[in-house]
Structure formats: structure tokens, C-alpha cells
1. Using alpha-carbon pairs under 8 Å, 6+ residues apart, how would you state the relative contact order of the stretch 123-231 in percent?
2. Evaluate the relative contact order of the chain (contact order divided by residue number), counting alpha-carbon pairs under 8 angstrom at least 6 apart; express in whole percent.
3. Based on a Kirkwood Rh over C-alpha pairs, give the Stokes-Einstein translational diffusion coefficient of the stretch 174-231 at 4 °C and viscosity 1.567 mPa s in µm²/s.
4. Relative to the compact-globule scaling 2.2 N^0.38 Å, provide the ratio for the alpha-carbon radius of gyration of the stretch 76-120.
5. Computed from these coordinates, which is Cα extents along the principal axes in Å: (i) 52, 40, 32; (ii) 95, 38, 32; (iii) 54, 45, 36?
6. Ranked highest first by the average count of other Cβ atoms within 10 Å around their residues, in what order do 196-205, 17-26 fall?
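Throughout, read-outs are computed from the coordinates displayed, never taken from laboratory work. These numbers were taken from a predicted model, which means no experiment stands behind them. Note that we place each Cβ from the backbone using ideal geometry, even for glycine, and neighbour counts take in every protein chain shown.
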Amino acid sequence: GPDNKQNKKCLDPTRGYEPMSTWDTILGHKDFEHGHNDGIYVESTEPTFNVYKEAGAKFVLVLDKSGSMSACNRMENLKYTLKRWVDGLKIDTKVAIVPFSSGSSCVTGSKQFDKDCYVTLSDQHKKDELKDVIDGLVIGGGTEIAAALKNAQAIMIEEHDANDGQPGVVMLVTDGMSSDDVADHDVWFPFHRKHIRIITLNLGAEIDTRMETLVTETGGRAFVSAACGTV
């Protein structure tokens, strides 16, 4: 055989110290002594391949539609910006929309706070449908952010438990103070536990400082558009 380390060091004493094959060398290891790891019979050595597709991104938009969103044309600016954002999303991105005021609702998919509130943007037609939903948001009512976030939790956690994949991101847009406690442990901890980030955008000068807890505890980010600035 060729003059290499395998043939110099792996010699078979039963055959006059002739070089051993790689397979005989492996079988001589202690892991295979006394019939251990005897191997198994396989019907075919033809390989098979499983193709896994990367999971698309997932977003839940938690959108303030309280009465104060009429100031400075905030709602119309928000709609315009969100529709442009939707057009730029990759195909198969999942999006759910939870608008809130004195209460909150799912306005996409199943219209329920479950995994099917998400819609999958499989083509431009689906994007156009989502943009119609955004256009249909109507202003009025108070600002119950914590309750809306808990409903977003229900959507995201059920979807994640069913399909695994990426945990998703919450995009929270508001222009005022929440009438319920957004810093409460029961609000932010389920997001933290599932590695769901909360990104906040505060419109106007009135900033609820309790939202800092949401961002910090979930590893998210906070943005501010002061006064009557555009989104």
C-alpha cells in the first residue's frame, strides 16, 4: 500500500503485520470489542433529503386608534406609513393587527385573539387586502394599552406553540398615556419568556414612561416622534 501514517501505524498482526484497512482499524477500537456496536441492516443506502424552508417573519401591530389620534393628522400619517411598510415586506411574512382604544380587537384573519388572527402575505393580493384593513381603522375611545398587549400575547403564544419558528415582534404605536398599567409583570413577562420583542413608537409630546419597562424587559427598542412629526 502507499507510504502513509495509516499504513505505517495500523498493522495487522494476524497477517504478518501487513497494513490494515481503515475499516479493520475502526473495528479494532475498544468501542467495538466483544460484539458491541454490531451495526444494523439497512434496506437502502440511497440518501434522502428533507428541505426545510426558513420561517417568515411575524409581526403583531398594536395600534392606538383613540380619539387623540385625530390630532396632527396622526392616524392618516400612520396609515400611509404602514401601507408602505406592508408593500416592502417579504412574501410569506405573517402580520396580525390589534387596534385598541377603550377596548381592542383582532381585525385580521379569524378576527379572534388566536393564532389565526395572523394573515400570511403570500402574494401582492394579500398585501392589498391588509392595506384595506389598515385604511379601515376608525378613531374613537380611550387608551387601554395593557389589555391590548395581553390580547396580542394570546395570538403570538398560540401561534408559536403550534408552529414554533421565530418568536415574532410586537410593534406598538400610541400617542398617549395608558389607562391601564403597561409596566405590570403580567403584561411584559409572557413576551420576555417567549423572547418576543416589543418595539414602541410614541407619537407626540405625551410619553408614558412606563413603556420603558416593556422595551427593556423584552429587548425591544423605543422610538419617539415628537409634537406633530410624521410617523
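1. Values: 144 pairs, mean separation 25.5, N = 109.
Averaging sequence separation for qualifying contacts and normalising by length gives 23 percent for the stretch 123-231.
2. Values: 399 pairs, mean separation 40.7, N = 231.
This gives 18 percent for the chain.
3. Values: Rh = 11.7 Å.
This corresponds to a translational diffusion coefficient of 110 µm²/s.
4. Values: Rg = 11.7 Å, N = 45, 2.2 N^0.38 = 9.3 Å.
It is 1.25.
5. So the structure-derived entry is (ii).
6. On the way: 196-205: 20.7, 17-26: 13.2.
Highest mean packing first, the order is 196-205, 17-26.
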